[in-house]
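K.L.:
Below are the structure tokens for one structure; questions will follow.
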């Protein structure tokens, strides 16, 4: 049904001389709904009305201009890339003007919360899985299944990360995989063989990291292990047949799962395989380019595949990607393809068809793929991915090959995080520090985390 509707709308849109009527000043672009408002869009009659309104908008105002606002987070490099993206899109769609609205990651979510509360939601916005359900449930986001956006070349398991509650609220731009990033040169200097990442266990990981620390100069460690963060806990829980969140948006693992993972980190630090907690957290605060592996002082660190380029550049060495330990040790594999980010649309955009056209172009245009390359993860659109493969750098190609090799062994995708998942990640980081500094035990920390996370998301 969706494919038929999408094809029909695509013909309407492409035969129209323009997309929308009227122009819009920046302050009035993409009015959004108050995040505190009740849930919207669950009533089928309301959905039909919204469809009718969208069709009316698409048919009205031929020959006139549409102005939409696109909001994202990122570095200066991403800002320039998106400026290039906007220019290329506007060249192809001269009736649509795209106004950029960007900030860094730290300020993005505060800014977006303020914008949506004030009825000023960007027409097109970048989303992250921990926040997607929160904005969708509050009626801020449009159901993208109702618009002319082709998703036929995106794997269903990836697309599913943005589908819940009867709608498609965010479309993944690309995928990353959590990896153990290793420095073979440091392994060689320590006289330690690289592990077979298809069979190694968590005990193997512990022993190898301790050996490397013992066989290298002071200040060099086996691992950069500062406890764990959300994706590490998710992988560990999945290896044990559980999940960070269940399908109902509730905690999906027993406290003993988190407690054991914390204890393993403490044991590794105590054995010298990883730096003391104070140093680990200081290193972590410096970002990927200041990590132990990037400064040639650590053999292994945990990162996402799309961070390989920056870390390789900082290290000046050829690094190798490894699967997490334990993938063949317990009940099942734990690794998963994570949407790097997603594209969403304001439910109250004054120009929804123009916004949908922009989203469709970013996802499906080969030209857009050539501009973005792997900045938003390995492209989710399989045709675009194939198109840009020979344009990737050596390290980007290495990451892409790793994901391709790993994909057949990935069982499924984790359930979508609930509302409040962003706050839960902050809670996990705080309790992690308390455990590492001995202010609470792993078991007490795990039980407290589950209790407080339930309160946040309840």
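K.L.:
Taking only region 137-169 into account, find how many residues are in contact with a strand residue (DSSP E or B) (Cβ under 6 Å, 6 or more places away or on another chain) and either assigned by TED's automatic domain parsing to the domain that holds residue 248 or under 11 Å from residue 338 (Cα atoms) (or both).
P.N.:
Residues flagged as in contact with a strand residue (DSSP E or B) (Cβ under 6 Å, 6 or more places away or on another chain) and either assigned by TED's automatic domain parsing to the domain that holds residue 248 or under 11 Å from residue 338 (Cα atoms) (or both) within region 137-169 amount to 2.
K.L.:
Residue by residue through region 232-249, note down the ones that are under 20 Å from the mean Cα position of the chain (by Cα) and surrounded by fewer than 21 Cβ atoms within 10 Å (Cβ to Cβ). Give the derivation first.
P.N.:
Within region 232-249, the first condition is being under 20 Å from the mean Cα position of the chain (by Cα), and the residues that meet it are 232-238, 243-247, 249.
Residues satisfying the conditions are 232, 243, 246, 247, 249.
K.L.:
Determine which single condition residue 180 fails, assuming it passes every other condition in (1) touching a strand residue (DSSP E or B) at 6+ places or on another chain (Cβ under 8 Å); (2) crowded, with 22+ Cβ neighbours inside 10 Å.
P.N.:
Among (1) touching a strand residue (DSSP E or B) at 6+ places or on another chain (Cβ under 8 Å); (2) crowded, with 22+ Cβ neighbours inside 10 Å, residue 180 violates only (2).
K.L.:
Of these, 360, 409, 401, 390, which one is at pLDDT below 95 and closer than 25 Å to residue 75 by Cα? I'd like the intermediate steps shown before the answer.
P.N.:
Values: 360 fails: at pLDDT below 95; 409 fails: closer than 25 Å to residue 75 by Cα; 401 fails: closer than 25 Å to residue 75 by Cα.
Checking each option against the conditions leaves just 390.
K.L.:
Take residues that are at pLDDT 95 or above and surrounded by fewer than 17 Cβ atoms within 10 Å (Cβ to Cβ) and tell me which of the helices (runs of 4 or more DSSP H) falling wholly in region 25-143 contain 1 or more.
P.N.:
Numbers: elements: 44-59, 76-92, 105-117, 129-137.
It comes to 76-92, 105-117.
K.L.:
Name the residue, out of 321, 281, 292, that is in a helix (DSSP H, G or I), surrounded by 17 or more Cβ atoms within 10 Å (Cβ to Cβ), touching a helix residue (DSSP H, G or I) at 6+ places or on another chain (Cβ under 8 Å) and in the same structural domain as residue 413 (by TED's automatic domain parsing).
P.N.:
281
K.L.:
Tell me, which helices (runs of 4 or more DSSP H) lie completely within region 144-214 with 1 or more residues that are in contact (Cβ under 8 Å) with a residue 24 or more places away in the chain and either in contact with a helix residue (DSSP H, G or I) (Cβ under 9 Å, 6 or more places away or on another chain) or over 30 Å from residue 133 (Cα atoms) (or both)?
P.N.:
Values: elements: 156-159, 184-190, 202-214.
In region 144-214, 184-190, 202-214 are the helices (runs of 4 or more DSSP H) which contain 1 or more residues that are in contact (Cβ under 8 Å) with a residue 24 or more places away in the chain and either in contact with a helix residue (DSSP H, G or I) (Cβ under 9 Å, 6 or more places away or on another chain) or over 30 Å from residue 133 (Cα atoms) (or both).
K.L.:
Could you please give the count of residues in region 142-159 that are within 20 Å of residue 347 (Cβ to Cβ) and within 20 Å of the chain's Cα centre (by Cα)? Before you say what the answer is, go through the steps one by one.
P.N.:
Of the residues in region 142-159, the ones within 20 Å of residue 347 (Cβ to Cβ) are 142-149, 151, 159.
With the extra rule that they be within 20 Å of the chain's Cα centre (by Cα), the set shrinks to 142-144, 151, 159.
Total satisfying the criteria: 5.
K.L.:
Looking at region 374-399, which of its residues are in contact (Cβ under 8 Å) with a residue 60 or more places away in the chain and surrounded by fewer than 22 Cβ atoms within 10 Å (Cβ to Cβ)? Explain how you work it out, then say what you get.
P.N.:
As a first pass, look at region 374-399 and keep what is in contact (Cβ under 8 Å) with a residue 60 or more places away in the chain: 374-384, 393, 395-396, 398-399.
Across region 374-399, the qualifying residues are 375, 382, 383, 393, 395, 396, 398.
K.L.:
Could I ask something else about it? Being over 23 Å from residue 67 (Cβ atoms) and buried (at least 23 other Cβ atoms within 10 Å of the Cβ) narrows it down to one residue among 366, 417, 408, 352; which is it? I'd like the intermediate steps shown before the answer.
P.N.:
Working: 366 fails: buried (at least 23 other Cβ atoms within 10 Å of the Cβ); 408 fails: buried (at least 23 other Cβ atoms within 10 Å of the Cβ); 352 fails: over 23 Å from residue 67 (Cβ atoms).
Exactly one of 366, 417, 408, 352 is over 23 Å from residue 67 (Cβ atoms) and buried (at least 23 other Cβ atoms within 10 Å of the Cβ), namely 417.
K.L.:
Output the residues belonging to region 209-227 that are surrounded by fewer than 21 Cβ atoms within 10 Å (Cβ to Cβ) and either under 23 Å from residue 289 (Cα atoms) or out of contact with any strand residue (DSSP E or B) (no Cβ under 8 Å at 6 or more places or on another chain) (or both).
P.N.:
214, 215, 216, 217, 218, 219, 220
K.L.:
Oh, and also: Could you say which residue among 256, 248 is farther than 24 Å from residue 217 by Cβ and not in a helix (DSSP H, G or I)?
P.N.:
Working: 256 fails: not in a helix (DSSP H, G or I).
After applying the criteria, what remains is 248.
K.L.:
Hey, another quick one. For the list (1) modelled with pLDDT under 95; (2) farther than 28 Å from residue 405 by Cα, I need the number of the one condition that residue 149 fails.
P.N.:
In the conditions (1) modelled with pLDDT under 95; (2) farther than 28 Å from residue 405 by Cα, residue 149 misses (1) alone.
K.L.:
Does residue 227 fit the bill of being part of a loop (DSSP other than H, G, I, E, B) and under 22 Å from the mean Cα position of the chain (by Cα)? Outline the logic, then answer.
P.N.:
Values: part of a loop (DSSP other than H, G, I, E, B): yes; under 22 Å from the mean Cα position of the chain (by Cα): yes.
The answer is yes for residue 227.
K.L.:
Further, regarding this structure: Is it the case that residue 235 is assigned to a loop (DSSP other than H, G, I, E, B), in contact with a strand residue (DSSP E or B) (Cβ under 7 Å, 6 or more places away or on another chain), closer than 29 Å to residue 410 by Cα and at pLDDT 95 or above?
P.N.:
Numbers: assigned to a loop (DSSP other than H, G, I, E, B): no; in contact with a strand residue (DSSP E or B) (Cβ under 7 Å, 6 or more places away or on another chain): yes; closer than 29 Å to residue 410 by Cα: yes; at pLDDT 95 or above: yes.
In short, no.
The values are calculated or read from the model by the stated rules, or taken from the named source; none is laboratory data. Quantities reported herein were computed from a predicted structural model and do not represent experimental measurements. No Cβ is skipped: glycine too gets one built from the backbone with ideal geometry, and neighbour counts run over all protein chains shown.
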